1. Considering each residue of region 251-278, count those that are within 28 Å of Lys327 (Cβ to Cβ) and crowded, with 20+ Cβ neighbours inside 10 Å, and give that number.
2. Please list, ordered by first then second residue, the pairs with beta carbon atoms under 8 Å, 6 or more apart or interchain, first in region 401-414 and under 14 Å from Lys439 (Cα atoms), second assigned to a loop (DSSP other than H, G, I, E, B) and modelled with pLDDT under 95.
3. Consider Ile235 carefully, then state whether it is closer than 28 Å to Ser322 by Cβ and either charged (D, E, K, R) or in a helix (DSSP H, G or I) (or both).
4. If you scan region 367-399, which residues turn out to be part of a loop (DSSP other than H, G, I, E, B) and either under 17 Å from Ala270 (Cα atoms) or touching a Phe, Trp or Tyr at 6+ places or on another chain (Cβ under 8 Å) (or both)?
5. Do any residues in region 337-356 that are within 14 Å of Lys225 (Cα to Cα) have Cβ atoms under 6 Å from those of residues that are of a type in the set (Lys, Arg) and surrounded by fewer than 22 Cβ atoms within 10 Å (Cβ to Cβ), where the two are at least six apart or on different chains, and which pairs are they?
6. Between Phe500, Phe450, which is within 16 Å of ligand 2 (Cβ to nearest atom) and aromatic (Phe, Trp, Tyr)?
7. Would it be correct to say that Leu432 is part of a helix (DSSP H, G or I), within 16 Å of ligand 1 (Cβ to nearest atom) and surrounded by 24 or more Cβ atoms within 10 Å (Cβ to Cβ)?
8. Just the residues that are over 20 Å from the mean Cα position of the chain (by Cα) and of a type in the set (S, T, N, Q), please, taken from region 492-513.
Amino acid sequence: MTYATVRLTVAQATIRFLINQYSERDGIEQRFFAGTFGIFGHGNVAGLGQALLQNELDPEPDGGAMPYYMPRNEQGQVNAAAAFATAKNRLQTMVCTSSIGPGALNMVTGAAVATTNRVPVLLLPSDQFATRYPDPVLQQIENPQTLDTTVNDAFRPVSVFFDRINRPEQLLPSLMQAMRALTDPADTGAVTLAMPQDVQAEAYDFPVEAFKKRVWHVRRDPLEKAALNRAVEIIRKAKKPLAIAGGGVIYSEASEELRAFATATGIPVADTQAGKGAINHDSPQSVGGVGSTGAASANGLADEADVVIGIGTRYSDFTTASHTQFKNPDVKFVNINVKAFDAVKNGGEMLVSDAREALVDLTEALADYRVSDEYAERIATVKEAWDKVVDECYHLDHQPLPSQLEVFGALNEMMGDEDVVINAAGSMPGDLQALWRAKTPVQYHVEYAFSTMGYEIPAAMGVKMALPDSEVVAIVGDGTYQMLPMEIATIVQERLKVIFVLLQNHGFASIGGLSESRGSQRFGTRYRMGADNPHNQEGDIVPVDLAANAESWGLNVLRVSTIAEFKDAYREAEKAERATMIYIETDLYGPNPPSTSWWDVPVSEVSRIESTQKAYEEHVEAKKPQRHYF
Ligand SMILES: Cc1ncc(C[n+]2csc(CCOP(=O)(O)OP(=O)(O)O)c2C)c(N)n1
Ligand SMILES: [Mg+2]
């Protein structure tokens, strides 16, 4: 067998291969990997590091350049990559490389962010020597039970594809499987190729052909005719149908088709955290967020719905209010999803299909269907009522400290349609889910599958890299800030002009409120200290100046106290040429938007504490409507 070969190290071959992979959907083709984030250690400095250097010095033999960026924390780089891929609707992503041991394990949480949110990231953690000569190498965990596990096996449960490249011959088939998973709309998530440090540097005669440009066509699975007919039969009989738009609608770029479906049928559309903006808030059919942190409008309709049409949703417990939201005893589900795993949930009629394809077919097949006038009127009434609540929350004039709801109101009114608001954890996602008026599918970026504290700052970097013309605004809680601030340094280094809004409430508004409602008295949720006892949560504020800290990372920081000042600062931040943080103190104790639903968080069944006993009784009561749907 003779074919042209090229002698490359495994690391060089990996980079050359990745440069030449493209994605295509709807005729739009792009390089699949926009660049590589990497933090070097002995595991990758001379392998993947050398390959990236060689490419930077002379990209031509590789068929192009692989831009390299130097983040500060491995978890941060994966969060940034996941945010980038989300903003690119999964058609493009980043590569992340790390050294072995701690560097590798720092990426595990980020891998789970990508996998739970169903967005592609390629992780190349280095691994201990395949030859095992120097064992135990620095940072190797030794398992006396077997020599063939390493810390990287921790990636298995959080990756959609995992492999370890122990020999050069294994590389290309594995890279092909990696690409298959990354570009598959149903299977995508974190892909991990563990790269033993010796193998990275080992040379091999790779077939030249393997490095030619390859285009991965991202499928739009059509809807099977029989499944369409079954769905139409169910929807036609529906008196009170409700559609739920999940992230799949946005990933599929199906907003226009969703709007057409809703307009033609009159079916109201609620949204999930990942799906907010799939339908513009001012559409007459848009009824707001559904579930635990949803709007009274959507939740009222969800309570009564006889047919729920889930589109691209994975039905998290927040969407179903821990299986208490859909109270109609005869409720039926019709689920459109690229992934059969999601379509089967709640005993749904399974429409395994791309969201856009299914919406077009359904709109056509339901041409003679329209909700009753009575239902249409009810939709308009609940929508109008919730709109008033939102207006009130946006303009509370809460004293003495502003409420974060007013901050969100100010942002919502000032941000442009193509600007992006980012959040992931704390009390903010719930408030945003209830109140944010999303005008476009790009505007709302809330990572609420893994709800990872520390996502927001690196995500701002990833989103700004993906959408350089948008104003990117990350809302950062003080708890989140203290967990992962360091990518600010990368943002400053890369001259990425993003805006941070730091909500300083000296603790966990979210978990504090949750704790109180479940009888645990806000235990361990306030950054407060007593004069004699540093754990006294009723004491003084811990004297840590996060604004000064942010300044020391290189941010332009604007300290404000009132909403009027906040608005001025936002205008200034928009005009600023460098990354800016607006720092504002807000009230730890709310208020929150009126709650219209429930979330299942278990309460201790026996206790010596009266507040816990009372909360347990309430919990037993609240659990009663909980049910499975079949
Ligand atoms: C990495 C991680 N650890 C723990 C949690 C659990 N958790 C959710 S919200 C929260 C507190 C967030 O505090 P902050 O950022 O100040 O937001 P606030 O609750 O004050 O709005 C915690 C600890 C989490 N979501 N992520
Ligand atoms: Mg806080």
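The values are calculated or read from the model by the stated rules, or taken from the named source; none is laboratory data. All values reported here derive from a predicted model rather than from experimental measurement. Cβ placement follows ideal geometry from the backbone for every residue including glycine, while neighbour counts extend to all protein chains displayed.
1. Of the residues in that region, 16 qualify.
2. Listed pairs, sorted by first residue: none to list.
3. It is true that Ile235 is closer than 28 Å to Ser322 by Cβ and either charged (D, E, K, R) or in a helix (DSSP H, G or I) (or both).
4. Val371, the sole residue that qualifies.
5. From region 337-356, the pairs are Glu349/Arg230; Asp354/Arg220.
6. Unique residue meeting the criteria: Phe500.
7. Details: part of a helix (DSSP H, G or I): yes; within 16 Å of ligand 1 (Cβ to nearest atom): yes; surrounded by 24 or more Cβ atoms within 10 Å (Cβ to Cβ): yes.
So Leu432 passes the test.
8. Passing the criteria: Gln493, Gln504, Asn505.
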